[in-house]
Amino acid sequence: MRLAFAAASLLLLSLTSMPRTVNEQLKSRAELTNYEETSRYADVMRFIRELQKRSDYLRVASFGQSEEGRELPLLILADPPLAQPRQARATGKPIVFIMANIHAGEVEGKEAMLVLARRIATGDLRPLLESLIILIAPIYNADGNERISLDNRPQQNGPIGGVGTRENARGLDLNRDYMKLESAEARSLVSLFNSWDPHLTVDLHTTNGSYHGYHLTYAPTLNPNADARLIAYERNKMLPAITRRLRAQHKFRTYFYGNFAAREAMSRELLSFRPAQEGRERVWRTFDHRPRFGNNYLGLRNRLAILSEAYSYLDFRRRIEVTAAFVEEILKYCAAQADEIVRLINRVDEDTLRRGRSGRFGELGVSFQLQPLARPVEILVGAVEKRKNPRSGREMVAMLEDKFTSVRMLDYGLFAPARSVAVPFAYLLRDEKGLRAVIEKLTSHGLVVETLSEPLTVEVESFLIEQVNRAPRPFQGHREVSLKGRRQKETLTFPAGFILVRAAQPMLRLAFYLLEAESDDGLASWNFLDEYLEEGKVYPIYKLLHSAQVSSQVMQ
């Protein structure tokens, strides 16, 4: 971790005029402009440095660089202060990581985290540090943040001075890059996960879409391949408790993230949002189970994750307030349940290792279907009006906070496996040029990769490709692939030097999702195996289904 920032960052700081008083020095750009503008990169860096001068509990590091070379700041809040992951783990406290601005048009998370960091470092929330280690990355998509324009998200209810772009400098959506790791930012973020290994990650966003009656919506891990205990803990215990606190202490209405859709569309097309038309029965539906999204990715790492979506038609100041309140209540919950959270994570890791070593883990899903909750629920339908942005002259959509209707409807908020296959004892693949990108991705994700020290003759399962389907249009620069075929067992000899990826590691579920032939978001999906994917060929990754005595060496 780099504890000093580059000279380029210091130059940026000099371009921002410094506030005149000590009090103003600890205000964000949003606060200083009466919430008409959002912070630029230099404003964020200025705020962090001023805050650090006034607190013994804050250490500042860089967890990587953006595509354009901007340092990505990490605020480390702890009592006693610390700066290294090993120090954090030694405390036994839960590590909570909050990241904002992954989409740089969705800026209230960035502003809320500056406010919250100030309260933790110098104010009323400092007692949280008795129970927690708190990490904050307030400006993850730093390059997109600097592309502020009145043309970005013009219907959003402020800030009237404009916001940044959804994508990074390369045009990549960072919340679709968790599996393929093509951006400098995503590689840096996953490196942070590998080193700090937070128990909980909170990812701050802003909605698009339906006019609902909530100030903020949220989502836990949605992929059912995550450990069922983690899913149940978030969905049935943690988030309901936080929802009650937000209503009682802050008067904010919150619920699980969704959009309105026509019920008749649910059986036809579950992965695309279709707004409900007037007169048709509506349902509430969540978004996507795939681990290209951060909240789902972290579940496959055996960790807790919460996606936060402030309502874009709530005014800018109120969006900051509800986001700050949501994170505040998350932190208070984690502080109160610190021992329980640590025990849960440790137990899930231990059980995953034990089952992976046995070679009898069972099955995980490779395709999934959306399902409703067992009973209809009351969903708040909101009201809006149009207001003019005085700087651009364009219409914004504004929430009418106290005008909403409760409508009972089905909530399609869960996913279930539609097809499952066996988790192996280990995966085997050649160490050759065409597969080096696969090996590099595995190690970048923090998975343990080994090489055979001597030949291994075993029965394996191979996958004979019978159909290769490619998406008609590119997405994020890729024409996604799906495979169909049949599995067959054969006895093969694998020479020394072959790559071995054991299931006996805490991130077994992530390895499975990356390497399975039929995975709907794996490395084959993202074109990293294209040269091997033809009808009649054998998929180049073999599955050793049962435990075996293997001589191997960890790749460095």
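The values are calculated or read from the model by the stated rules, or taken from the named source; none is laboratory data. Nothing here was measured: the structure is a model prediction, and the numbers come from that model. Cβ coordinates were reconstructed from backbone atoms using ideal geometry, including for glycine residues, and neighbour counts include every protein chain displayed. With ligands, DNA and RNA removed, areas are computed over all heavy atoms of the protein, side chains included. Shrake-Rupley method; radii C 1.70, N 1.55, O 1.52, S 1.80 Å.
Normalising by residue count, the chain has a Cα convex hull of 151 Å³ per residue. Using C-alpha pairs under 8 Å with a sequence gap of at least 6, the mean separation divided by the residue count of the chain gives a relative contact order of 14 percent. Helix-only arithmetic for the chain: the sum of -39500 (n - 2.57) across DSSP H runs with n ≥ 4, divided by the residue total, places the mean residue ellipticity at 222 nm at -7500 deg cm²/dmol. For region 228-370, report the % of Cα-Cα distances exceeding 18 Å. The share of Cα pairs beyond 18 Å in region 228-370 comes to 68 percent. Legend: distances between Cα atoms for Lys433/Lys484; Lys53/Lys237; Lys237/Lys484; Lys110/Lys332; pairs beyond 29 Å are Lys53/Lys237; Lys237/Lys484.
When the square roots of the Cα gyration tensor eigenvalues are ordered a ≥ b ≥ c, the ratio a/c for region 371-436 is 1.5 or more and a/b does not exceed b/c, which makes its shape oblate.
Membrane-span-like helices of the chain, defined as complete DSSP H segments with a Cα extent of 27 Å or more along the helix axis and a mean Kyte hydropathy of at least -1.0, are identified as 316-336, 338-358. Shown for the chain: the carbon plus sulfur share of the solvent-accessible area, taken with all protein chains present and a 1.4 angstrom probe, equals 46%. With only the Cα atoms considered, region 142-281 has a convex hull volume of 186 Å³ per residue. How much net charge surrounds Leu204 when only the other residues with a Cβ under 9 Å from the Cβ of Leu204 are counted, with Lys and Arg +1 and Asp and Glu -1? Local charge sum for Leu204: -3. Considered as an equivalent ellipsoid built on the Cα gyration tensor, region 42-198 has semi-axes of 27, 19, 12 Å, the largest given first. Probing with 1.4 Å while keeping every protein chain in the model, the per residue accessible area of region 218-260 equals 37 Å².
Quick check: the distance between the Cα centres of region 506-527 and region 276-346, to the nearest angstrom? Answer, in whole Å: 24. Considering only Asn302, Gly413, Leu514, and ranking their Cα positions along the charge dipole of the chain that arises from unit charges at the beta-carbon of Lys, Arg, Asp and Glu, the one farthest toward the positive end is Gly413. Computed from backbone phi with θ = phi - 60° and the Karplus coefficients 6.51, -1.76 and 1.60, the 3J(HN,Hα) list for region 289-294 is 8, 6, x, 4, 8, x Hz; x is used for glycine and proline.
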